[in-house]
1. What number of residues in region 147-176 are in contact (Cβ under 8 Å) with a residue 60 or more places away in the chain and either surrounded by fewer than 19 Cβ atoms within 10 Å (Cβ to Cβ) or more than 19 Å from the chain's Cα centre (by Cα) (or both)?
2. List every residue pair whose Cβ atoms lie under 6 Å apart, where the two residues are 6 or more positions apart in sequence or sit on different chains, the first residue falls within region 106-122 and is in contact (Cβ under 8 Å) with a residue 24 or more places away in the chain, and the second residue, located anywhere, is part of a helix (DSSP H, G or I) and surrounded by 12 or more Cβ atoms within 10 Å (Cβ to Cβ).
3. Checking G44 against (1) under 13 Å from the mean Cα position of the chain (by Cα); (2) modelled with pLDDT of 90 or more; (3) of a type outside the set (S, T, Y), which single condition isn't satisfied?
4. Using the structure shown, decide if A199 is modelled with pLDDT of 95 or more, assigned to a helix (DSSP H, G or I) and not aromatic (F, W, Y).
5. Collect the residues in region 52-87 that are assigned to a helix (DSSP H, G or I) and among the aliphatic types (A, V, I, L, M), keeping them in residue-number order.
6. Restricting region 88-108 to residues that are assigned to a strand (DSSP E or B) and among the hydrophobic types (A, V, I, L, M, F, W, C), which is nearest to L23 (Cα to Cα)?
7. Quick test for you: out of A6, A28, pick the one residue that is surrounded by fewer than 19 Cβ atoms within 10 Å (Cβ to Cβ) and not in a strand (DSSP E or B).
8. Given the conditions (1) part of a loop (DSSP other than H, G, I, E, B); (2) buried (at least 16 other Cβ atoms within 10 Å of the Cβ), which single one is not true for A219?
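The values are calculated or read from the model by the stated rules, or taken from the named source; none is laboratory data. Fair warning: this is a prediction, and the values are worked out from it, not measured in the lab. Note that each Cβ is placed from the backbone with ideal geometry, even for glycine, and that neighbours are counted across all protein chains shown.
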Amino acid sequence: MNVQKAPWEAVNGVLLLNKPRGLTSQQALFRVRRRLRAAKAGHGGTLDPLADGLLMLCFGAATKFAQRHLEADKRYVAVLQLGARTTTDDAEGEIVERRAVRVDRAQVDAVLPRFLGAISQTPPVYSALKRDGRPLYAYARAGEAIEVAARTVHIHAIEVLSLVDERLTLAVHCGKGTYIRALARDIGEALGCGAHLAALTRTASGSFELTQALALEAAEALDQAALRRQLLPTDVLLQAAPRLDLDAAQTQRFLHGARLSGLQPGGLIKPGEDVRIYGPLAVGQAAVLLGIGALESGALAPRRLLCADELAPDAAVLSQKSATPAPISSFQNESPLQDATP
């Protein structure tokens, strides 16, 4: 007997997930997406299987703005295993060198300031950054030597949490594009004993905290309706942008791509900057998020508009249904392992 599966639906909003160790970010997303029956989904700021912690999952309208969140700072608790270097700079690689560990807290405190501020960092060769269209890990797995270019990343703060039995635990606050694996490797070299990343937990991403996140097991224990109530509104991704409200007539013109002149947005909105736009779909209705616009030559121009099945109260579920979901996407500028990954 064929069992009819529930259709995929237009679900809009953001779920903060506490990803467990041992799963890829895509696997975690798929499990939540399947529970929600969400037609469109993606994630930002990928965590490797080695890592656990805060993972932002986006559904429907939120997928259009997730890229903006990648610019946000990240916070981690990283555990470094001193005395051993690996092929991948983490515990999943093969050990290529062992050294004696003669490190005390004073030495650690003396070394860490070198890694604050704007620093030059060489990404791990086992990463998805691309060279000539191929990910670096493809060269590494094929045994092909390749030079990886260093780049500038920003480390805002590093705090020692513990140094016990050749394991150094650090709290790291960093900017986008930082490889925590590479940071662990380089700190180990500076200490003279080598190191690799043994464990990693993302504790914050931008204004979002791990304490706000839902565990995967808890998410899967909820029924569909209860899980949907856990979604945050789409515009949590846009809070840094100023807000501008339209009336019902202006809303319809804006949604059809028209430039709106004669608005009085006030002095807080600068020409050219992104503005989150709200308006009612009909007279007497509550305002909903319409998209992003910008003031250009005195007129409001659309930059990113929501489509019909996204123009609902944030985190709402609409009636449009499909037998086939849209492809899962990740929101990385270069690769699914780029943004502050292990």
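1. Qualifying residue count, region 147-176: 12.
2. V111/A190; V111/L191; Q121/A182
3. Status for G44: all satisfied but (2).
4. Here the answer is no, as A199 does not meet what is asked.
5. A61, A62, A66
6. Across region 88-108, the extreme among qualifying residues is I95.
7. A6
8. (1)
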